[in-house]
Amino acid sequence: MLLRHSLLAGFFLSLLIAAPSSAQSGCPATFRFDALESSSADNVAQGLVFVQQDWDGTALVNDTRREYVASEGGTAGTLLFSRWSDGDGSGWPTPVEAETFAFDDQGRMLEHVYMASGGGPYQRDTLGYGASPYPTYEAREDWTGSGWGPNRRYAYDYTEAGTLAGYLFERYASGWATDIVFESDLDAAGNRILCRFRTEPGATPYRLTTSTFDGDGRRTSVVTRNYDETAGAYVEADSTAMAYGPYGIVLHEAFDRDGSTWKLVERHTVTYSNEGSRAVAVQELPRSVGSGLVARVRKTLDLDPFSRPTSYLQEVYPDGASDWQPSVRYLYTYAADPRQTDVALDPTTDAFALSVAPNPSAGVFSVTLTTSAPVTVEVFDALGRRVAEARSGSVAAGETRIPVDLRSLPAGAYVLRATTEAGEVASRTATVVR
């Protein structure tokens, strides 16, 4: 379903299925595999440089460049933007300040300001937090020329475990007016099984989205039903089915309701390299209304050892063509690794055996270790910050399974790191999807 956010076997899948931003409900509705940037906080901390190249008929040529730069203290950042055509063709022109960011001491976004092409701000988002890593409110304001004026705002509710339970979305005209009320039901495992969308508190939901999950907490189907006021009942509108392989989604099929039957309207088939460091998704669409599906788009994603994208290529297969044709490519480079100074994380080092399953998961993992020594299992986020400790102490000889519950953390990629008293280290990337 929803293919988005930073990656290896893991991060690719958070891009594949996870709720991408705080304003998302966690009820995916479409399959996405586009510009694969992680959060602005991660981009700033890692010094991401993001280059887009477009196909001009003969070659992929530079189009735009985005560079995230952190302040010396790390509590602020800037996005610098340049367009290749604005220069002399020999290099990138001097960039302009396109966006600015302010973060708290935990790396959470406090303010995101969007700059006009001629200079000066034109819009900003401000966020506030409670105990959860997710914001409790998010407000967008427009620059009026003399100050900030209201545009829209979200107020979020969370479960005791820190999972998004619902939100209130309001827009401002002559005053604040409710636009969407989102509510959800979670099962005992923390899976979001039902989403309700209303136009105002207490109103009949205009849309219901129901999800099913497998035993590993991975979404296997989604059915959307819209309320028909004339019939006074809910009518099925569309559905999605997913199947999984060792590294993540391998098949994604979307259906529309056609009378009493479901009609297949889109298929995505995903394949992975042996270590999950490359993912290729082929999108099939109808050649014409009512016809069968044909391959139309192919997207290839390459990842570095820290599960971050390094290259993303989109190709198309036009009618009458004999092969795939490039369309657009994104190149990613980083000024810093996702680690903190006092903890060196190396996902490629295995001093003893460690595995994680299921991966991805809604937040409940099982770590398998082969050791008889005292061991500490810690969890780090994409910035290298320690966010949880799963086990500290001796483990039994041989293969040992340790439960790891990350349901209180935001969706995304995490590094699970096991360390013995002798200093042996093993680590794996795990992805939380919702």
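The values are calculated or read from the model by the stated rules, or taken from the named source; none is laboratory data. Treat the numbers as computed from the prediction; the structure is a model and nothing was measured. Reconstructed Cβ throughout: ideal geometry from the backbone, glycine too, with neighbour counts over all protein chains shown.
Can you tell me which residue is farthest from residue 318 (Cα to Cα) among those in region 48-76 that are within 21 Å of the chain's Cα centre (by Cα) and free of Cβ contacts under 8 Å to residues at least 40 places away in the same chain? Please lay out each step first, then the result.
Step one: filter region 48-76 for residues within 21 Å of the chain's Cα centre (by Cα), giving 48-52, 66-68.
Now drop any that are not free of Cβ contacts under 8 Å to residues at least 40 places away in the same chain, which leaves 66-68.
Numbers: 66: 30, 67: 33, 68: 35 Å.
Taking the candidates together, the pick is 68.
Kindly indicate the residue of region 95-128 that is polar (S, T, N, Q) and in contact with a strand residue (DSSP E or B) (Cβ under 7 Å, 6 or more places away or on another chain) and also nearest to residue 387 (Cα to Cα) among those meeting that condition. Give the steps one after another, and end with the answer.
Within region 95-128, the first condition is being polar (S, T, N, Q), and the residues that meet it are 100, 106, 117, 123, 126.
Still in the running and in contact with a strand residue (DSSP E or B) (Cβ under 7 Å, 6 or more places away or on another chain): 100, 123, 126.
Numbers: 100: 26, 123: 33, 126: 24 Å.
Filtering first and then ranking leaves 126.
Cβ-Cβ under 7 Å, sequence separation 6+ or interchain: first residue in region 93-114 and without any contact (Cβ under 8 Å) to a residue 40 or more places away in the chain and within 12 Å of residue 127 (Cβ to Cβ), partner not in a strand (DSSP E or B) and not hydroxyl-bearing (Ser, Thr, Tyr). Which pairs?
From region 93-114, the pairs are 110/104.
With respect to residue 36, determine if the residue is modelled with pLDDT under 70, in a helix (DSSP H, G or I) and in contact with a Leu (Cβ under 9 Å, 6 or more places away or on another chain).
no
Output yes when any residue across region 193-210 is touching a Gly at 6+ places or on another chain (Cβ under 9 Å), crowded, with 17+ Cβ neighbours inside 10 Å, assigned by TED's automatic domain parsing to the domain that holds residue 314 and not β-branched (Val, Ile, Thr), and no when none is.
Among the residues of region 193-210, at least one is touching a Gly at 6+ places or on another chain (Cβ under 9 Å), crowded, with 17+ Cβ neighbours inside 10 Å, assigned by TED's automatic domain parsing to the domain that holds residue 314 and not β-branched (Val, Ile, Thr), which makes the answer yes.
Can you tell me which residue in region 267-292 is nearest to residue 427 (Cα to Cα), limited to those that are charged (D, E, K, R) and modelled with pLDDT under 90? Break it down into steps so the answer makes sense when it comes.
Keep residues of region 267-292 that are charged (D, E, K, R), which gives 267, 275, 278, 284, 287.
Checking which are modelled with pLDDT under 90 leaves us with 275, 278, 287.
On the way: 275: 14, 278: 19, 287: 45 Å.
Per the stated criteria, the residue is 275.
Give the residues of region 107-135 that are under 15 Å from residue 41 (Cβ atoms) and hydrophobic (A, V, I, L, M, F, W, C), sorted by residue number.
109, 110, 113, 127
Can you name the residue in region 180-217 that is in contact with an Asp or Glu (Cβ under 8 Å, 6 or more places away or on another chain) and β-branched (Val, Ile, Thr) and is also modelled with the lowest pLDDT among such residues?
Across region 180-217, the extreme among qualifying residues is 193.
I'd like to know if region 155-162 contains one or more residues that are among the acidic types (Asp, Glu), surrounded by fewer than 14 Cβ atoms within 10 Å (Cβ to Cβ) and outside any strand (DSSP E or B).
Yes, the conditions are met somewhere in region 155-162.
Report whether or not residue 189 is over 19 Å from residue 207 (Cα atoms), surrounded by fewer than 19 Cβ atoms within 10 Å (Cβ to Cβ) and in contact (Cβ under 8 Å) with a residue 40 or more places away in the chain.
Yes: the conditions hold for residue 189.
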